[in-house]
Amino acid sequence: MHRLWVMVAVVLVLAACSPDTDTTTTTTEAASATTTTSPSSTTTTSVAGDADTTTSTAVTTTTLAELRGLAWEEVADLGGFITGIEPIVDGILVARKDGRLTLVADDGTAEVVADLGPFVLDQGEAGLLDTALHPDGDRLFVHYSDRAGDTVLAELPWPIEGGSQPTVLYAVAQPAGNHNGGSIEFGPDGRLHLALGDGGGANDQFGQGQRRDTPLAAIHRFDVDTPGVASAPPDNPFPDGEVPSLWVYGVRNPWRIAFDGDLAVIADVGQNRWEEVTVLAADAGGANLGWPVMEGRSCFGADSCDQTGLVLPAVAVSHGDAGTCSITGGEVYRGDAIPELVGHYVFTDFCGGWLRSFPVVDGLGDAEVTPTDWDAPRLANPAVIAAGPDGELLAGGGDGRLLRLVPQR
């Protein structure tokens, strides 16, 4: 299987470049904005001893022009390789693969607030992979590959003080240099989720995918309310198992997790045929996403397979589709500037750079969803799409540019 990282300067996720099937994508035109009109409202107020007082208030509405497409607007050019975007009170915290954490202010000025480079192996798919700010705002969690190439979940005080060193909370040995996973995200219950791949190589060569006694090929759920401690909550699905932090398993390389209300959206990088996005209830612990029995919605390397108990993805994108090779994942849009996108999971692909979305709703089950393919400039090796402090979507990746999604009307 050809390796994507041979073709680009550095690659986050393993994917083949040769499609097994030829799939044609149909582009859906952007929907028109909804026009809402409201009549004037009349309120009558009675005060004891006085005559009734009647007031009339006119409701003014703004009708948006038709959405012609979407565009990416540069916020800052940071250089390096962007792997994480975290909204904070003072602006946007951007993680770069080499270990630097940069604070981008509202006016686009950037300041490096910490350099974890001495602790991080920046090589191939290894590096500083994501950050997450505690809901209380006093601690920053980081996921990185240590100098030996192993997974580390650690925390730092926030704001970061001079000379601060990460406190290691959880560590996992990695048998290969790829499929390290990436995302760390707080769920609606305040628990921290950590995504890990199957150990690397190809074809689940280490046999991790369908096991519950290994931390690999899984998403973990931690209680991090006590500083310096990451423990498995007692309501995790396998509290008495060998890996009590296990939350979801059967994943290949879940690069990005996004939470929206009580739903979780997981983008999982495929082998050489299919990329996939799965929607789960945030409390659906114990779900088996099927790797390596399945790749996408197809049996892996076989015409048929036992799919009993497996959760199928809502979206499967073929490697023959518009340059697709390695799904980046994205975020559910809850901003104000693009009402046509509200409630949609917006996502992209590391090679394809296209922009697609689908509405995230409860009860999808095993239903397959056809995403909208938006008219937008292609991104250059995108690694992350995330919401900024104002809810508008930001993107970053291999070219070091922090971008904001804006409507074209």
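The values are calculated or read from the model by the stated rules, or taken from the named source; none is laboratory data. All values reported here derive from a predicted model rather than from experimental measurement. When we count neighbours, we look across all protein chains shown, and the Cβ atoms used for this are built from the backbone with ideal geometry, even at glycine. Surface areas here come from the heavy atoms of the whole protein model, side chains and all, with no ligands, DNA or RNA. Shrake-Rupley method; radii C 1.70, N 1.55, O 1.52, S 1.80 Å.
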Let me know the shape class of segment 151-243, please: from the alpha-carbon gyration tensor, a ≥ b ≥ c as square roots of the eigenvalues, rounded when a/c is under 1.5, otherwise prolate if a/b is greater than b/c, or oblate. oblate
Could you check the simple spin-label distance between ALA281 and ALA337, using points 7 Å along Cα→Cβ, in nm with one decimal? 3.6 nm
Gain in span if fully extended, ASP213 to THR308, counting 0.36 nm per residue against the direct Cα distance: 32.2 nm
Amide H contacts under 5 Å for ALA387, placed H, 5+ residues apart: LEU394
ASP366 versus VAL113, label points 7 Å from Cα toward the beta carbon: distance in nm? 4.6 nm
Give me the extension gain from ARG297 to ALA71: residue separation times 0.36 nm, minus the current Cα-Cα distance, reported in nm with one decimal. 78.2 nm
So what J values fall out for segment 199-207 if you push phi through Karplus, 6.51 cos²θ - 1.76 cosθ + 1.60 with θ = phi - 60°, rounded to Hz, Gly and Pro as x? x, x, x, 9, 6, 6, 5, 9, x
Whenever you get a sec, line up PHE347, PHE186 from highest to lowest accessible area (probe 1.4 Å, protein heavy atoms). PHE186, PHE347
Using amide H atoms built 1.01 Å from N in the peptide plane, name the residues 5+ places from GLY84, or on other chains, whose amide H lies under 5 Å from its own. ALA95
Once a ≥ b ≥ c are taken as the square roots of the eigenvalues of the Cα gyration tensor of segment 195-286, is the result rounded (a/c under 1.5), prolate (a/b larger than b/c) or oblate (a/b not larger than b/c)? oblate
Would you please classify the overall shape of segment 249-299 from the alpha carbon gyration tensor, given that a ≥ b ≥ c denote the square roots of the eigenvalues, rounded means a/c under 1.5, and beyond that prolate means a/b larger than b/c while oblate covers the rest? prolate
